[in-house]
Amino acid sequence: MRSSPERPLTRAMLVLAVLLGAALGLLFPNNDRLWDALNQALPSPPDPRVVVVGIDDASLRDYGPLSGWPQGLYAQAMRTLDEAGVQTIGLDVPLSELARREPGLAEVFSRPNVVLALPPGETLDLPPSWRAQTGVSGLAAGPGGRVRTFQTAYEHGNGRLVPSFVRQLATSAGQPVPLDPTPRLLRHIRSDPNRLGVIPFRDVVNGNVRFGDLQGRVVLIGLTAQDHPSAQNAAGQPTPAILLQAQAVSTLLGAPFLRLPLWLTVLLCVLAAALAVLTRGLWGFVIALLALALAAPLWLVNVLFPGVTVSVAAVLGTALVGLERWWTLRNLGTRDPLTGFGNRLAFTRAVEHRWPGRAGRPIGLLLVDLSGFRRVNETYGRAAGDEVLRDLAARLQAHKRRGDVVFRWGSDEFAVLLDNTGPQELARITEATRQILEGLQYRDLPLRASIGGATTGPEIRTATELIEAASRNRYRMKYQREQGEN
């Protein structure tokens, strides 16, 4: 039996929603702007294991320009840190010139718990016995110059992966971190008034520090002077590069962010779009809001949820529902609600559209009605009659040719507008249709289909004459059948 015309349209919109949702999930699996906003709105607490020793303006006033510092100054700072029992030391200052000028540099920094930062593409000529580690200290600035991500490795010219400075610090502190050039989200760290801020470098050199603040810590040494070029953090605030490096180390030492696999993102988008179509109404917007709201609690448990992408998928589903309703209203005056076929008005428009080309492509017409249909309605009710009409409509639709169109002509009548049909073809189609509709019945009540056909020719000058000719042939067929039964 033929289903309601709204159902095929809904199924089509559901299929389209699935395809659009899948495409959206494949194209936009990441929501960088959403995650950036959550990173600023829900910053992480500072990791107590990470301490920054800043070369500030006061330190530069005391010791002069950084490029002129002797190795003894670094040696004194290293002794203080060793006495305090730090776990790992990361030095992010330009050392190339100092290495060439101070041959004894290895004696200061050559130790397993020291990591030296090197600018991208720069190398440091170190002796074979060198025990310290080195890593690239590059910061990836995104749109607007803000640093939102970092890497644990960089690709060298020959395809070899070179570890980053922050990765070397994390591994030296006991956190296994794989070499991966894929950008990682940099956690935004909120300020904590109860925690010690940046320790001035000159205080470390002079030993004016509490060893308890440094014991077992990962210490990063770098420039924090105001006149030194700085980057922008995720909030757009000028921030010394060493502080961003410290945030990257804190990110690696903390619980890692979990990105949803691509297949799961696609599945969520498909479900959101499909549910919006199935639930109808404004429920799609509710699904969209829930998807956005879900991003915040999942962020707190380190899950990067693509809430915007899933939300847009739900909105697309709602838009498809609106498109379906617009299409239904647009065709409401020309569609039969029971069968989904065009009504008489649609038939008239179709004939008017094809009529000018009838000389090259003859127009054929079949008129079909049912004998015994009224008894079905009287005996079993209108629902039974509707079932019969849907059955008849389904048979006509299934066996029509490409280019032919079926219309609901009356209460128990149908019209089939035939494309490019001459007299011989009309006779063949009429007989084939008669065989298709042979044996129609509803329970114990037999039904008979009467078919009349006509085609355009010299004697058919108007569409009205075509309809009258098909109607005369239909009544002639019905009369002949009744006479043959008597």
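The values are calculated or read from the model by the stated rules, or taken from the named source; none is laboratory data. From a predicted model like this one, the values you see are computed outputs, not experimental measurements. For neighbour counting, all protein chains shown are included, and Cβ atoms are generated from backbone atoms with ideal geometry for every residue, glycine included.
Worth pointing out:
- Residues in the range 143-173 that are in contact with a helix residue (DSSP H, G or I) (Cβ under 9 Å, 6 or more places away or on another chain) and among the small types (Gly, Ala, Ser): 153, 164, 170, 173.
- Test for residue 189: is it touching a residue at least 12 places away in the same chain (Cβ under 8 Å), over 30 Å from residue 155 (Cα atoms) and under 34 Å from the mean Cα position of the chain (by Cα): no
- Of all the criteria given as (1) surrounded by fewer than 18 Cβ atoms within 10 Å (Cβ to Cβ); (2) at pLDDT 90 or above; (3) out of contact with any Leu (no Cβ under 9 Å at 6 or more places or on another chain), the one not satisfied by residue 296 is (3).
- As for the range 72-93, it holds no residue that is modelled with pLDDT under 80 and surrounded by 15 or more Cβ atoms within 10 Å (Cβ to Cβ).
Conditions (1) in the same structural domain as residue 452 (by TED's automatic domain parsing); (2) aliphatic (A, V, I, L, M); (3) touching a Gly at 6+ places or on another chain (Cβ under 9 Å), marked per residue:
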position: 391; (1), (2), (3): yes, no, no
position: 396; (1), (2), (3): yes, yes, no
position: 406; (1), (2), (3): yes, yes, yes
position: 409; (1), (2), (3): yes, no, no
position: 414; (1), (2), (3): yes, no, no
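- Restricted to helices (runs of 4 or more DSSP H) entirely inside the range 233-337, those with at least 3 residues that are closer than 30 Å to residue 222 by Cβ and among the small types (Gly, Ala, Ser) are 241-253.
- Within the range 220-268, being over 21 Å from residue 36 (Cα atoms) and of a type outside the set (A, V, I, L, M) holds for 222, 224, 226, 227, 228, 229, 263.
- Counting only residues that are in a loop (DSSP other than H, G, I, E, B) and in contact with a strand residue (DSSP E or B) (Cβ under 9 Å, 6 or more places away or on another chain), the range 412-443 holds 9 of them.
- The condition (being assigned to a helix (DSSP H, G or I) and farther than 25 Å from residue 480 by Cα) is satisfied by just one residue among 461, 354: 354.
- Matching entry among 470, 383 (being out of contact with any strand residue (DSSP E or B) (no Cβ under 7 Å at 6 or more places or on another chain) and either among the acidic types (Asp, Glu) or in a helix (DSSP H, G or I) (or both)): 383
- Just so you know, in the range 430-448 the residues that are touching a residue at least 40 places away in the same chain (Cβ under 8 Å) and of a type in the set (Lys, Arg) include one that is farthest from residue 392 (Cα to Cα), and it is 443.
- Screening the range 165-206 for residues that are hydroxyl-bearing (Ser, Thr, Tyr) and assigned to a loop (DSSP other than H, G, I, E, B) and picking the one that is modelled with the lowest pLDDT gives 191.
- Flag for residue 169 being under 19 Å from residue 146 (Cα atoms) and either aliphatic (A, V, I, L, M) or outside the structural domain of residue 247 (by TED's automatic domain parsing) (or both): no
- When we screen 260, 282, 253 for residues that are within 24 Å of residue 27 (Cα to Cα) and not small (Gly, Ala, Ser), the only hit is 260.
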